[in-house]
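This report refers to the structure that appears directly beneath it.
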Amino acid sequence: MIAALPPRPARARDPGGAQALLSARGARATRARIDVLAVLLAADEALTHHDVERRLARGHDIDRVTLYRVLEWLTAQGLAHKVSGDDRVWRFSAAGHAGGAAVHAHAHFECGECGRVLCLEDAHVPSVPLPAGFRRREIEVIVKGTCDACTR
């Protein structure tokens with residue numbers, strides 16, 4: 001079983017940026033939505049429910065059920081996306097916001113040692129032709145290997 005690593009240092013949280021993204025979508029900007037989205041925006045890797053919970057820390061009145069619902073809501077709204085690793089645990093990250101693309105299409109890297117999952121925003125994801133009448137919702141590309149921290 002893969003042991004959970006302590007959270008990596010994250011970029012500074014910007015609740016104002018999270019609130020602006022929610023407002024731009026015409027969504028109700030609740031404290032829970034703002035706080036959870038701010039955590040995802042500040043993270044440099046995809047986070048599990050427990051990672052988000054730990055990063056929210058004290059002073060936030062978000063119970064686990066609310067956290068799960070907010071993460072699923074952010075995903076449904078296109079503000080976050082989720083990917084499942086080999087350990088079958090969902091990890092969430094803020095979705096790219098340039099134009100708010102409706103189709104999730106970028107690659108991820110998953111470390112087989114620590115379970116860390118990173119978005120590879122600059123990786124080219126091939127277009128896959130579909131039969132007439134079919135519509136894609138997402139393309140999932142996962143590169144598996146060993147991250148820089150585990151290689152040392």
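What the table shows:
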quantity: Using θ = phi - 60° and Karplus 6.51 cos²θ - 1.76 cosθ + 1.60, couplings along region 61-76 (whole Hz; Gly, Pro as x); calculated: 8, 10, 7, 4, 4, 4, 4, 4, 5, 5, 4, 5, 5, 4, 5, 4
quantity: Residues with amide H under 5 Å from that of residue 30, placed H, sequence gap 5 or more; calculated: none
quantity: Descending Cα extents along the principal axes, region 48-90, whole Å; calculated: 31, 25, 15
quantity: Förster radius 25 Å - calculated FRET efficiency between residue 29 and residue 57 (Cβ-Cβ, nearest 0.05); calculated: 0.75
quantity: J(HN,Hα) series, region 24-33, from Karplus relation 6.51 cos²θ - 1.76 cosθ + 1.60, nearest Hz, glycine and proline x; calculated: 5, 8, x, 8, 5, 8, 7, 4, 4, 5
quantity: Pairwise label distance in nanometres, residue 89 with residue 152, each label 7 Å out on the Cα-Cβ vector; calculated: 2.1 nm
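Rule-based calculations on the coordinates, nothing more; no lab input. A quick note: this is a predicted structure, and the numbers were derived from the prediction, not measured. No Cβ is skipped: glycine too gets one built from the backbone with ideal geometry, and neighbour counts run over all protein chains shown.
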